[in-house]
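**Student:** Encoded as structure tokens, here's the structure I'll be asking about.
Read the figures in this text as sums done on the coordinates, not as results from a lab. These numbers were taken from a predicted model, which means no experiment stands behind them. Methodologically, a virtual Cβ is constructed for each residue, glycine included, from the backbone with ideal geometry; neighbour enumeration extends over all protein chains shown.
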């Protein structure tokens, strides 16, 4: 009897230590289902400013909102093929309304493209491809969703780099984000999105080289329903200051050692929200 009581006490103490440490034994995963599409309201609004050397800065106010339907087309192992379809879209640039389909469920946007994505059950994005023409590709934003590591506890931090992130008409470098996991009540969790990235990168496209310097100060918060395996919302801001320098080869009448450069400064501040809706 004494041995049994001691064993129970030891198990209770160990259980308390594990619970207090915040260890999560199960892998947090997305539950993408071919039988259940996901529907979200989205909104992107803010400013993008450009300034070439010697030219006055130009600032654009942008607003885009609507709904996005995510259909799981098939699941092969842990990889899910998904189709993203925008609807009820509204797009405004400064005072000009480019598109207003808010009153129609069936009208298809000519500004916001539909896309295909492949996503693992842990949230890792394998690929993202546009399947209709458009200026804004929402799959670029969804590439920021948390990709959960195998072991999680309260305060777990991990990083994710998005090499192909892009905005309409904006040359872009790779962006790095930090995620912080915080379990909440009733099976839901909060995942903070943070970035304090010092940007210094160079790319080359044929004879043209592009160098980036600046800072990524983006931040936000995801809410994730662990019982359902669904992302319920995101609210945050994409905050970038970038200096971009294009260097092109010399013209036919210039010396071979001469290169022309075109500096560009950009400030990007976009408020982004995503909220799951029923149906």
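**Student:** Fewest to most neighbouring Cβ within 10 Å: what's the order for 210, 28?
**Tutor:** Exposure proxy ranking, most exposed first: 210, 28.
**Student:** Then there's this: If we count other beta carbons within 10 Å of each Cβ, what is the order of 41, 207, 95, fewest first? Don't skip to the answer; put the middle values down first.
**Tutor:** On the way: 41 15, 207 10, 95 6.
By the 10 Å Cβ count, ascending: 95, 207, 41.
**Student:** Evaluate E = 1/(1 + (r/R0)^6) for residue 104 and residue 36, where r is the Cβ-Cβ distance and R0 equals 25 Å; express this FRET efficiency to the nearest 0.05. All intermediate terms of the calculation are to be shown ahead of the outcome.
**Tutor:** On the way: r = 24 Å, r/R0 = 0.96.
Efficiency at R0 = 25 Å is approximately 0.55.
**Student:** Can you give me the pair-distance distribution of the stretch 103-228, C-alpha pairs, 5 Å bins, whole percents?
**Tutor:** 2, 9, 15, 18, 17, 16, 11, 7, 3, 1, 0, 0
**Student:** For residue 154 and residue 232, compute 0.36 nm times the residue count separating them, minus their Cα-Cα distance, and round to one decimal in nm.
**Tutor:** Roughly 26.1 nm would be gained on extension.
**Student:** As a footprinting exposure proxy, order 104, 64, 132 by other Cβ within 10 Å, with the fewest listed first.
**Tutor:** Ranked by crowding around the Cβ, least crowded first: 104, 132, 64.
**Student:** Distance in nm between label sites at residue 127 and residue 147, each 7 Å beyond Cα in the beta-carbon direction?
**Tutor:** With each label placed 7 Å out from Cα toward Cβ, I get 1.5 nm.
**Student:** Continuing with the same structure: For an R0 of 30 angstrom, estimate the FRET efficiency from the Cβ-Cβ distance between residue 186 and residue 92 and round to the nearest 0.05.
**Tutor:** On the way: r = 38 Å, r/R0 = 1.27.
According to the calculation, E is roughly 0.20.
**Student:** In whole Å, how far is the Cα centre of the stretch 190-213 from that of the stretch 26-86?
**Tutor:** Distance between centres, Cα-based: 20 Å.
**Student:** Let me ask another. What is the extension gain from residue 63 to residue 29, computed as 0.36 nm multiplied by their sequence separation minus the C-alpha to C-alpha distance, in nm to one decimal? Kindly include the intermediate steps, with their values, before the conclusion.
**Tutor:** Numbers: separation 34, 0.36 × 34 = 12.24 nm, distance 3.21 nm.
Result: 9.0 nm gained on full extension.
**Student:** Can you give me the relative contact order of the stretch 26-277 as a percent, contacts being Cα pairs under 8 Å and 6 or more apart?
**Tutor:** 18 percent
**Student:** Starting from the 7 Å offset along Cα-to-Cβ, what nm value, one decimal, do you get for the label separation of residue 215 and residue 203?
**Tutor:** A separation of 2.3 nm, rounded to one decimal place.
**Student:** Over 24 Å apart: what share of the alpha carbon pairs of the stretch 26-277 falls there, rounded to a whole percent?
**Tutor:** Pairs farther apart than 24 Å: 53 percent.
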